[in-house]
Each structure stands twice: as structure tokens, then as C-alpha cells.
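Bear in mind that the values in this text are calculations on the coordinates, not laboratory data. From a predicted model like this one, the values you see are computed outputs, not experimental measurements. Cβ coordinates were reconstructed from backbone atoms using ideal geometry, including for glycine residues, and neighbour counts include every protein chain displayed.
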């Protein structure tokens with residue numbers, strides 16, 4: 001962790017990680033204009049090796065968009081870090097978001113207002129809706145061993161079990177509140193906070209990089225704040241919808257879950273616990289693959 005934090009200005013920028021996003025990127029960029037009254041908000045497309053040409057076309061057609069080719073798929077968190085690093089010090093607020101979102105009107109201004117109300121907020125997240133209109137549980141508790149085991153074991157067969165409900169906080173009213181972590185699909189980050197913990201941990205290729213970030217921000221004295229008065233719609237990813245990709249993502253999810261829990265249970269005395277975690281997650285991954 002860095003001992004000194006770069007002083008930043010009050011400007012806003014957007015970073016989105018692209019990987020053959022298709023037409024969803026146009027929806028993302030078109031709706032972004034209505035999400036804030038700020039003008040000249042730059043958008044950095046941190047590209048993990050798209051082959052559909054969508055990011056390049058967006059950058060060629062839209063003056064506010066910059067194409068940042070990484071050249072290979074380095075994962076979500078690592079690419080987001082590179083996108084943030086490409087911004088100069090004027091940008092003290094940075095949105096990191098998936099390109100398959102549709103912004104609600106005024107959503108970013110609402111998040112920024114909340115950031116001013118909560119000076120120790122390091123990350124702020126909106127309410128995320130599915131295309132059906134259902135609310136996605138995007139502001140959750142940090143996973144503990146007991147609650148995590150209950151959620152992992154019973155979630156697929158009993159979605160409303162008490163461990164899953166407590167972890168997802170799905171039975172609570174939609175009010176502005178602190179959270180253990182916020183979905184990385186749409187985050188407004190105070191750049192000083194993000195910088196103070198060295199951003200996302202690049203060891204997470206996909207999944208749990210947002211859980212890990214929320215935990216490390218809290219340990220550094222920052223808050224994760226859920227702001228449901230700001231809304232976005234998760235319209236669905238073009239790059240992860242294919243069955244073969246989904247299978248790889250399921251496996252990656254379980255690898256990341258193990259990394260997160262193993263990192264928080266280090267040392268030789270907890271080696272048996274880590275072995276049990278690895279075995280349990282491997283079984284769950286296999287069952288999920290068969291079900292999928």
C-alpha cells in the first residue's frame with residue numbers, strides 16, 4: 001500500500017474494460033450523456049483484445065472516447081487499473097463500469113452528490129436492475145467462512161436461504177447505506193482512495209476483484225456506499241454469453257473465490273482449512289458445470 005496519495009482534482013472520467021462488447025457499447029456511451037450534466041467527460045476503453053472492432057469504431061466516431069489497446073486479455077481488474085493510470089491528476093473521480101450497462105438519467109450526478117455527502121466514501125455503487133426490471137443485489141456483506149459456506153452449498157438449490165439472504169442483504173429496504181463491497185460492474189471511485197490501496201488486485205482475472213477491493217478499502221479506513229437513488233440497467237454482455245465462455249467463467253469464479261478466502265486465512269496452521277476450501281469449491285465448480 002502506498003504511504004502517500006497523489007492529490008487529485010474534481011474532474012470526472014469513465015473507464016470501461018472492453019472485450020468484443022458489440023452493440024452494447026453504443027448503448028453504454030449513448031446513455032452516458034444523460035447520466036451527468038458535466039460536459040467533456042472522457043471515456044477510456046481499456047481493451048483486452050477485442051476482435052469485433054466495436055471499441056475502435058467508438059473511438060473513431062466519438063471525440064470523448066479514447067481507445068487504450070492492451071493487446072491481450074489481462075483480466076478485468078488489471079485492465080481497469082491501466083485505464084485509470086492513463087488519466088491525469090485532474091480526474092479525482094473515476095467510474096469503472098462494464099460496457100454492457102445502460103445509464104439511468106442523472107445516475108452519475110446522484111453518485112457524485114453522495115460522494116460529497118460521504119467524504120470517507122472510497123467507492124459508491126448504484127442500484128443495478130436486470131433487463132426484466134428486477135433489482136440485482138449489488139451491495140453485499142463481505143463473505144465469511146460460515147456464511148460463505150452456507151451460501152455456496154444452499155444458494156443453487158434454496159436461493160432464499162438465510163445465509164444467502166444475509167450475504168446479499170436482499171431482504172433490506174433500498175436505502176442509502178454502507179456495504180461490505182459493491183459490484184464492480186459499476187463503481188464511482190474516489191481516486192485518492194483507489195490509489196491508496198493500489199487499485200484492483202491484478203491476480204484476480206475475473207470475479208472477486210470487487211469483493212477484494214471493498215475489503216481493502218475498508219481496512220484502509222474508507223467506506224463502500226450503496227446509493228440506490230442512482231440506477232443503471234445491466235443489459236447483458238456480448239462477450240460472456242456463449243456457453244463455452246460461460247463454462248470458463250464459472251471455473252474462474254471458483255478460482256477467485258478460493259484466492260480471496262485463502263488470502264484471508266494465511267499461514268501453516270490454516271493449511272488444512274485452505275485444503276478443505278479448495279476441495280469444496282472444486283466440488284461446487286463441478287456440480288455447477290454439470291448443471292450448466
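Name the residues in the stretch 213-226 that are under 23 Å from residue 87 (Cα atoms) and buried (at least 21 other Cβ atoms within 10 Å of the Cβ), would you?
213, 214, 217, 222, 224
Quickly run through the stretch 102-127 and pick out the residues that are assigned to a strand (DSSP E or B) and surrounded by 24 or more Cβ atoms within 10 Å (Cβ to Cβ).
Answer for the stretch 102-127, where residues must be assigned to a strand (DSSP E or B) and surrounded by 24 or more Cβ atoms within 10 Å (Cβ to Cβ): 103, 122, 123, 124, 125, 126.
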